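One structure is given here, and the rest of the page talks about it.
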Amino acid sequence: MLHLADGAKRFGHKLLFEGANWLITPDERTGLVGGNGTGKSTLLKVLAGVEALDAGKLNRSKGLTIGYLPQDGLTMRGKTVFEECLSVFAELHAMQAEMEDLGDRFATVDPTSSEYEEIADRYSELSDALMVQDMYSLDSQVGAVLGGLGFAREDWERKTEEFSGGWQMRIALAKLLLQKPSLLLLDEPTNHLDLESRNWLEEYLKSYPRAFILISHDRYFLDVTVSKIVEVWNKRAWFYTGGYEKYVTQKTARREQLASDYKSQRDRIEQLEAFISRFRYQATKAKQVQSRVKELEKIDRIEVPEDEETIHFSFPQPPSSGRTVCEVSGLDKCYGQKQILRNVNFTIERGDRIALVGPNGAGKSTLIRMLASLEEPTGGTVRYGHNVLADYFAQDQYKVLDGSAKMLEDISSAAPKVPSVELRNLLGAFLFNGDDVFKTLGVLSGGERNRYALARMLVSPANFILLDEPTNHLDLRAKDVLLEAIRAFTGTVLFVSHDRYFIDGLATRVFECENGGVQVFPGNYEDYLWRKGGGPEKVQAAAKEMQGLRMPAVELPVVAAPVAVVAANAKKVNPMKLKQMQDRVRFAEDEMPRMEDRMTAIETAMGSFTTAEQSQRQSAELAEVRRAHEALMREWEDLSTQLEEQGATV
């Protein structure tokens, strides 16, 4: 479909990549990764035809259509959101107009003429084409995509110029998804999406009928959407099968192999050079020397680039707060006649890592600002506990920075006891390298200043940190540094993030903002989704329906059914009840091995310590699974005995 042959590209004097060979097939589902500045976005632009190669060729198959979404910079004007999205179907609308014109001509042309036959053939051809393109459901297609990307129905009729840059990029993404080109090229498509829209896009791409290549700093998103990873590394394109986690494993193995090959090659080169040096001036060895000189010249030298520096930053721990950090009672928030939050109640305790989630506009940022005392509630109270020191990181935190201050001097003033080397390492992790640290903050872009503001917060944290989308503008490396730093933090954290990997790696509780309220869920985001999907109640309801018995529900964090035992002294069981008992025994025989596998998995996970909270949660889950397994085992034994007494088999 698209073939990159021996491609090379420079940026000024810097070589980004060379010798790149890539055959892109119709079923391509690829994540493009690499360090900052390695040329990922440039390679995507080359594939899109936006930039030309400095060397090599890019061959396209006939009829190939490409849709390209840059990171930012797209703006639209003059149409409503809905009209702008419908405009991608201009060709279909033109075909429909031609059909209507042909329909009018039917009445004026002799039915026995060749012209009538030509009109009929063309009309049939257009009708079939429009049917294949699902022409008559375009409005519903547009509505589904706009809804999935977070546009409320009342937004559909607003002019596109009324929307901010991030929402403009959502409109551009919606148009590409509706076009369904042969090859989608997406440069950080989740940058401007909230968590719900990101989840929707994930499901959309899973079922996308054509090829796509995307750049993303969201590990989870890459893991569930792509089947191949292409890394721009060491000025080459390297290919890996599988999602992001498999890529990490394969890259480690490849790097070890490269180091081994490099060592073997160096040993051989040293042997050749030693022989040449020793016998260069001996006539009897001239032939052997020349042979080794030629061998030495033919060797294609292996280059092993320097290892990417791994940053481990330990920031000063804050003073301890009381056990109760924050109590929220009857909290209301209105803007004029519009009520955002209504009768919100919850308690935050020391050591909590709380992920605040919910659809766009549900009040997440409003709630976090009220917790930070930056906005007054319309009603209710927010009470801090003993010795609580709160600090707030906003989406636009850069606005409070002193633009005339130099970066290294400013961060040093915030943490005078932290060595300069550690501060420079931390800034490097947040993509400020070399002389960048001597720049004044005023010359940085908004995204750069936000990154710096986050690094600055890490060096002098309070004991209650409130973070509103801290992972925006961060690459994978910086996210890892932030995640590791917060995991080691002894205080309390409440955060909003649209990165699934970050939430799952950090959250101990999830607060969901929806319909004016806040609902509390224990565990991380995976646990939250499981419980939202029905959790144990759904499984238990299915089991009840299967067995036809009214038994009390037992909430379990694993897929397990409630225990039910039929009276053992029953002399004769009716056929329907007997069938239910047999079904229940089969269910238990299938379920017990799965529960045993789950216990083994938890025990294995407990062998790798991460945090005390995580260990406690795993221990509690293991105890619950064991209790459920024992109960199910007893039930299976009782029912099996009864079936034997009835002379029935399973």
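Taken together, the values in this text are just the output of simple stated rules run on the coordinates, not laboratory data. For clarity, every value in this text was computed on a predicted model and none was experimentally measured. As a convention, Cβ positions derive from the backbone with ideal geometry for all residues, glycine included, and neighbour counts pool all protein chains shown.
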Computed over the chain: relative contact order in percent, which uses C-alpha pairs under 8 Å that are six or more apart: 11
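What does the charge count near K479 come to, summing +1 for each Lys or Arg and -1 for each Asp or Glu among other residues with Cβ under 14 Å from its Cβ?
Values: positive: R219, R451, R477, R487, R500; negative: E188, D218, E469, D475, D480, E484, D499, D504.
Charge balance in the 14 Å sphere: -3.
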Where labels lie 7 Å past Cα in the beta-carbon direction, separation of D27 and Q616 in nm: 4.8
Within-12-Å neighbourhood charge of S413 [Cβ basis; K, R +1; D, E -1]: 0
Label-point separation in nm, A5 to R236, each point 7 Å along Cα→Cβ: 2.1
Zone residues, the range 1-24, relative to V443, backbone N less than 19 Å from point 7 Å out along Cα-to-Cβ: none
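How much of the DSSP beta bridge set in the chain is antiparallel, as a percent to the nearest 5? If you can, show how the numbers build up before the last one.
Details: 39 of 71 bridges.
Of all bridge pairs located within the chain, approximately 55 percent are antiparallel.
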Coarse-grained scattering of the range 107-182 at q = 0.17, 0.27 Å⁻¹, given as base-10 log I(q)/I(0) from a Debye sum over alpha-carbon atoms: -0.74, -1.24
Relative contact order (%) - criterion: Cα under 8 Å, at least six apart; region: the range 180-267: 22
Calculated FRET efficiency for the pair E98/A152, C-beta based, R₀ 30 Å, to 0.05: 0.25
When each of K79/K180; K40/K251; K14/K45 is checked by Cα-Cα distance, pairs over 19 Å: K79/K180
Over the chain, equivalent-ellipsoid semi-axes from the Cα gyration tensor in Å: 46, 41, 35
Cα gyration tensor shape for the range 120-227, rounded if a/c is under 1.5, else prolate or oblate: oblate
E375 paired with I299, simple spin-label distance in nm, labels 7 Å along Cα-to-beta-carbon: 6.6
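For Y136, Y247, Y392, what's the fewest-to-most ordering of other Cβ within 10 Å of each Cβ?
Y136, Y392, Y247
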Cross-link reach list, aspartates and glutamates versus K399, counting only Cα pairs under 16 Å and skipping chain neighbours closer than eight places: D391, D410, E448, D468, E469
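Relative to the compact-globule scaling 2.2 N^0.38 Å, provide the ratio for the alpha-carbon radius of gyration of the range 324-531. Kindly include the intermediate steps, with their values, before the conclusion.
Values: Rg = 17.5 Å, N = 208, 2.2 N^0.38 = 16.7 Å.
Cα-based Rg divided by the globular estimate yields 1.05.
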